[in-house]
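First comes the structure, then the notes that go with it.
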Amino acid sequence: MKSFIIFLFIIVTFNACSVTNHYKVTSDLKFEAIPEDQRVTYVYFSKDKFVKVKEENNSNDKQDFLSEFKEEKEISDPFESYNRVMTTFNDKLYTNVLNPTARVYADVIPENARVGISNFFENITFPIRFLNNILQFKFDYAAEETGRFLINSTVGVLGFMDIAKDYNLNKRDEDFGQTLAYYGFGSGSHIVLPIYGPSNFRDIVGLVADGYVSPIDSSGDLKYKIPENIGQTFAIKSVNVVNSTSLTLGQYENLKEDAIDLYPFLRDVYNQNREKQIKE
């Protein structure tokens, strides 16, 4: 009996398990056979704590039902060993350097000022969002971004105040990685970048392209660039990262609490988030 219970536990824990009701209990506590076309199969996926009811009407319904439970597209991860090392490095860097720095920064700079700085960086990186909305033929979003930029850059005092939101003009985040996905480019292998964190080959190409049009990146020769060299780029982006982190203190720690194994957890969170962004 004990062996049977253990076997049953393994089946339920690691595999799909289904139960079909062939009989029902009548009001006078008797068993009554259920017609075949009215039987219902309950399919249990205990790994995901998920239960689904399956109505068996015909073979097409069965195929449609099963297709709902196909495994998620497997993530290409040939660099897992490297990625794990880099994830550990980034985690230590955040825990021992970025997080303490952001906490001291938050103690010195008032929250309203930090929100204003965040608004400034969001406003000044308008060219990235505008261009990628255009490339994806989202002209209404591009127009909305233009309206936000004009209002916030003038009435909003160089973007430190987000006045545009009062006019229901919302930020429409699009980057070149999403643009490549729009045109059918696959994500490629997953790779963890130093400091930046989880990414993939498609998004790395996107980062380079976005850097070319970004006002806070010295790459490229566009006239509106603020930094003149890599050192200035690093300094400006460091301020942005520390400021952003100071506004989200505790979120990373809360995220880590749900991770049994940090690397695949962060990898899956990143990929799920990117898929969601691409579909929007």
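The values are calculated or read from the model by the stated rules, or taken from the named source; none is laboratory data. None of these values were measured; they are calculated from a predicted model. Heads up, the Cβs are rebuilt from the backbone with ideal geometry, glycines too, and the neighbour counts pull from every protein chain shown. Protein only, heavy atoms only, side chains kept; ligands, DNA and RNA dropped before computing areas. Shrake-Rupley method; radii C 1.70, N 1.55, O 1.52, S 1.80 Å.
Points to keep in mind about this one:
- Leading residue by the ranking (farthest from Tyr94 (Cα to Cα)) among those in region 234-280 that are basic (Lys, Arg) and surrounded by 13 or more Cβ atoms within 10 Å (Cβ to Cβ): Arg274
- For region 225-280, the set of residues classified as β-branched (Val, Ile, Thr) and part of a helix (DSSP H, G or I) consists of Ile230, Thr233, Ile236, Val239, Val241, Val242, Thr245, Val269, Ile278, listed by residue number.
- Tabulated pairs, region 215-232, first under 13 Å from Thr125 (Cα atoms) and in contact (Cβ under 8 Å) with a residue 24 or more places away in the chain, second assigned to a loop (DSSP other than H, G, I, E, B) and of a type in the set (Ser, Thr, Tyr), C-beta under 7 angstrom, 6+ apart or interchain: Pro215/Thr125; Pro215/Tyr224; Ile216/Thr125
- Subset of region 103-139 (residues that are under 17 Å from Gln277 (Cα atoms), part of a helix (DSSP H, G or I) and either in contact (Cβ under 8 Å) with a residue 60 or more places away in the chain or open to solvent by less than 40 Å² (accessible area, probe 1.4 Å) (or both)): Ile128, Arg129, Leu131, Asn132, Asn133
- Within region 245-274, residues that are farther than 13 Å from Leu98 by Cα sit with their Cβ atoms under 6 Å from residues that are assigned to a loop (DSSP other than H, G, I, E, B), at 6+ positions apart or across chains, in these pairs: Phe265/Ala259; Asn271/Ile75.
- All positions within region 189-198 that are open to solvent by 50 Å² or more (accessible area, probe 1.4 Å) and among the hydrophobic types (A, V, I, L, M, F, W, C): Ile195
- Residues in region 163-183 that are under 11 Å from Asn133 (Cα atoms) and open to solvent by less than 60 Å² (accessible area, probe 1.4 Å): Glu174, Asp175, Phe176, Gln178, Thr179.
- Flag if Gly186 is open to solvent by less than 70 Å² (accessible area, probe 1.4 Å), part of a helix (DSSP H, G or I) and free of Cβ contacts under 8 Å to residues at least 60 places away in the same chain: no
- Summed over region 156-180, the residues that are farther than 19 Å from Tyr212 by Cα and not in a loop (DSSP other than H, G, I, E, B) give a count of 5.
- Failed item in (1) more than 24 Å from Phe201 (Cα to Cα); (2) open to solvent by less than 60 Å² (accessible area, probe 1.4 Å), with Glu228 passing the rest: (2)
- Some residue of region 140-157 being out of contact with any strand residue (DSSP E or B) (no Cβ under 9 Å at 6 or more places or on another chain), open to solvent by less than 80 Å² (accessible area, probe 1.4 Å) and of a type in the set (Phe, Trp, Tyr): yes
- Considering the conditions (1) closer than 22 Å to Phe120 by Cα; (2) touching a Pro at 6+ places or on another chain (Cβ under 7 Å), Val192 is excluded by exactly one of them, (1).
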